[in-house]
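Enquirer: Mind looking over this structure? Questions follow.
The values are calculated or read from the model by the stated rules, or taken from the named source; none is laboratory data. Here the structure is a predicted model, which is why all the values come from computation and not from measurement. We place every Cβ from the backbone using ideal geometry, glycine too, and count neighbours over all the protein chains shown. Accessible surface is based on the protein model in full, side chains and every heavy atom, while ligands, DNA and RNA are left aside. Shrake-Rupley method; radii C 1.70, N 1.55, O 1.52, S 1.80 Å.
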Amino acid sequence: MKLICDGLDLSDAVLKVIKAVSNKTTNPILEGILLTAEGDRLTLVSTDTELSIIKSIKADVKIEGETVVPGKFFSEFTKKLTGEQINLTLNTANNQLKIEYSDSEGFIGCLNAAEFPTPKLLSDADYFSLKQADFRALVNKSIFAVSGDDSRPLLKGCLIEINDKEVRAVALDGIRLALVKKPVIKTKVNTGLIVPARSLVEIAKLLNENEEEVKVLIQKNNIMVDLGDIKVITRLLGGGNDFINYRQIIPTEFSSVITINKLHLEDALERVSLLSRVEKNNVVKFEIAEKLLTLKSMSEIGNIKENLSIVLNGKDLIIEFNARLFMDCLRANNDEFVKLSFNNNISPCVVCPEMSEEFLYLVLPVHPR
């Protein structure tokens, strides 16, 4: 293998694929990045067997070939070469990669490419597509509610539901639930998929905040997100029927509904929760009456009370929440006003936008003491 490529292109590609390099493995090959020189492209591949990232860049390929470089070292090394033109030459006799730049050179011992578990690209598969910005929002507005409990592995992923009109992302951890909807552009499927949260986070980082279309292919137990010169393949945790029936969890009727400025509520919760953090319970009391929402917290060192203007439709109510969990829901969206819907002090609160149905968050209250 022998090629010439741009240092900035190479560094950028390595920084993208390094996210799928395994950090905890007994198989050293999974700590590496597969380099394949073919035609006029250099392709980099990494995988931990659950998540795989493939990135291709332009290269002047003199001799085609492939090898596996140590991922962490190669990443750190190429970061320092972004302003250089780089020559890569593989000595097949000792499987050593020579890196030439400016008037300098370095050598890296490589691993056998034949041992690398190269992921298979999905082709002739069912698919759906949506805007990159919408896919990114689906992930970023729901991922905080994914469970971290190893005893419930299905809840460590997001349920992605696709139908003729929209794509839904659903995450829940037993205390809260996040549901986000975005319009689908094209679809050949009507199904549900449970995608690992870690994979979705890495996919979201690769997406742009624009109107460009992203295609998601589905085949057996895997999906592939196709971004042209970047492809991400991830193993699924299960199908839609394996996930909790979230629809039966969400209330449809309420006895109290308030409309409130989202930023004002978020800031007030931040201040009021300062005392509850001292007690290490994060509990804040919500008192709803007429045109006011009063937030209260108490500890041995004092108490804080904040009054916020609201529009109330329904009954007065006193209810308590973990402030941190509640603020996660508020921070995940940028709407100016939100609606908070309640039934009683032991039933969940539903948080949604004032003027749309784009998202819905559900938070369980703290049981009265």
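Enquirer: Which net charge results when you count Lys and Arg as +1 and Asp and Glu as -1 among the other residues whose beta-carbon is under 12 Å from that of residue 91? Spell out each step's value before the answer.
Expert: Working: positive: 2, 98; negative: none.
It works out to a net charge of +2.
Enquirer: Give me the percent of accessible area attributable to carbon and sulfur for the stretch 122-183, probe 1.4 angstrom.
Expert: Carbon and sulfur together cover 44 percent of it.
Enquirer: Determine the sum of side-chain charges near residue 295: Lys and Arg each +1, Asp and Glu each -1, restricted to other residues whose C-beta is under 9 angstrom from that of residue 295.
Expert: Result for the local shell: +2.
Enquirer: Roughly speaking, what is the centre-to-centre gap between the stretch 265-343 and the stretch 350-368 when only Cα atoms are used, to the nearest Å?
Expert: 13 Å
Enquirer: With all protein chains present, how much of the accessible area of the stretch 219-331 (probe radius 1.4 Å) comes from carbon and sulfur, to the nearest whole percent?
Expert: Numbers: 2790 of 6030 Å².
So the carbon and sulfur contribution to the accessible surface is 46 percent.
Enquirer: Turning to a different aspect of this structure: Of the listed peptides 317-326, 248-257, what is their order by residue-averaged count of other C-beta atoms within 10 Å, with the highest listed first?
Expert: Packing proxy ranking, top to bottom: 317-326, 248-257.
Enquirer: Now, a different point. From the phi of every residue in the stretch 42-53, what ³J(HN,Hα) in whole Hz does the Karplus formula 6.51 cos²θ - 1.76 cosθ + 1.60 yield, where θ is phi - 60° and glycine or proline is x?
Expert: My calculation for the stretch 42-53 gives 10, 10, 10, 9, 9, 7, 10, 6, 9, 10, 10, 10 Hz in order.
Enquirer: So how strong a dipole does the chain carry about its Cα centre when Lys and Arg Cβ are +1 and Asp and Glu Cβ are -1, to the nearest 20 debye?
Expert: 820 debye
Enquirer: In nm, to one decimal, how far is the residue 315 label point from the residue 220 one, both placed 7 Å along Cα→Cβ?
Expert: 5.5 nm
Enquirer: Looking at the chain as a GNM with Cα springs under 10 Å, which of 136, 235, 152 has the largest mean-square fluctuation?
Expert: Checking each option, the largest mean-square fluctuation is seen for 152.
Enquirer: Using a cut-off of under 15 Å, list every residue of the stretch 316-348 whose amide N is near the label point 7 Å from the Cα of residue 290 along the Cα-to-beta-carbon line.
Expert: Backbone N within reach: 316-317.
Enquirer: Could you list the square roots of 5 times each eigenvalue of the Cα gyration tensor of the stretch 127-201, that is, the equivalent ellipsoid semi-axes, sorted largest first and rounded to whole Å?
Expert: 22, 12, 10
Enquirer: Could you tell me how far the Cα centroid of the stretch 192-221 sits from the Cα centroid of the stretch 69-124, in Å?
Expert: Between the Cα centres of the stretch 69-124 and the stretch 192-221 lies a distance of 27 Å.
Enquirer: Per DSSP helix of 4 or more residues, -39500 (n - 2.57); summed, then divided by the residues of the chain. What does that give at 222 nm, rounded to the nearest 500?
Expert: Details: 6 runs with 65 residues, N = 369.
Estimated from H runs of four or more residues: -5500 deg cm²/dmol.
Enquirer: State the extension gain, in nm to one decimal, for the chain segment bounded by residue 346 and residue 72, taking 0.36 nm per residue of separation less the distance between their alpha-carbons.
Expert: Roughly 93.7 nm would be gained on extension.
Enquirer: With the crude spin-label approximation of a point 7 Å out along Cα→Cβ, what separation in nm comes out for residue 24 versus residue 80?
Expert: Roughly 3.0 nm, to one decimal.
Enquirer: Would you work out which of 30, 86, 142 lies farthest towards the positive end of the dipole of the stretch 1-142? Charges go on Cβ: Lys and Arg +1, Asp and Glu -1.
Expert: 142
Enquirer: Excluding residues fewer than 8 places away in the same chain, name every one of the lysines whose C-alpha is closer than 29 Å to that of residue 58.
Expert: Correct list for residue 58: 2, 16, 19, 72, 79, 80, 98, 120, 131, 205, 215, 231.
Enquirer: According to a simple spin-label model (label point 7 Å from Cα along Cα-to-Cβ), what is the distance in nm between residue 334 and residue 50?
Expert: Going from the residue 50 label point to the residue 334 one covers 3.1 nm.
Enquirer: Counting only heavy atoms of protein chains, what accessible area per residue, in Å², does the chain have with a probe of 1.4 Å? Walk me through the numbers on the way to the answer.
Expert: Details: 17970 Å² over 369 residues.
Counting only protein heavy atoms, the per-residue value for the chain is 49 Å².
Enquirer: While we're on this one: To the nearest µm²/s, what D does Stokes-Einstein give for the stretch 248-333 at 20 °C and 1.002 mPa s, using the Kirkwood radius over alpha carbon pairs as Rh?
Expert: The estimated diffusion coefficient comes to 159 µm²/s.
Enquirer: Further question on the same structure: Thinking of the chain as a set of Cα atoms, what percent of all their pairs are more than 26 Å apart?
Expert: 59 percent
Enquirer: Additional query: Please work out how much length the chain gains when fully extended from residue 248 to residue 87, using 0.36 nm per residue of separation minus the C-alpha to C-alpha distance, in nm with one decimal.
Expert: Answer, rounded to one decimal: 52.0 nm.
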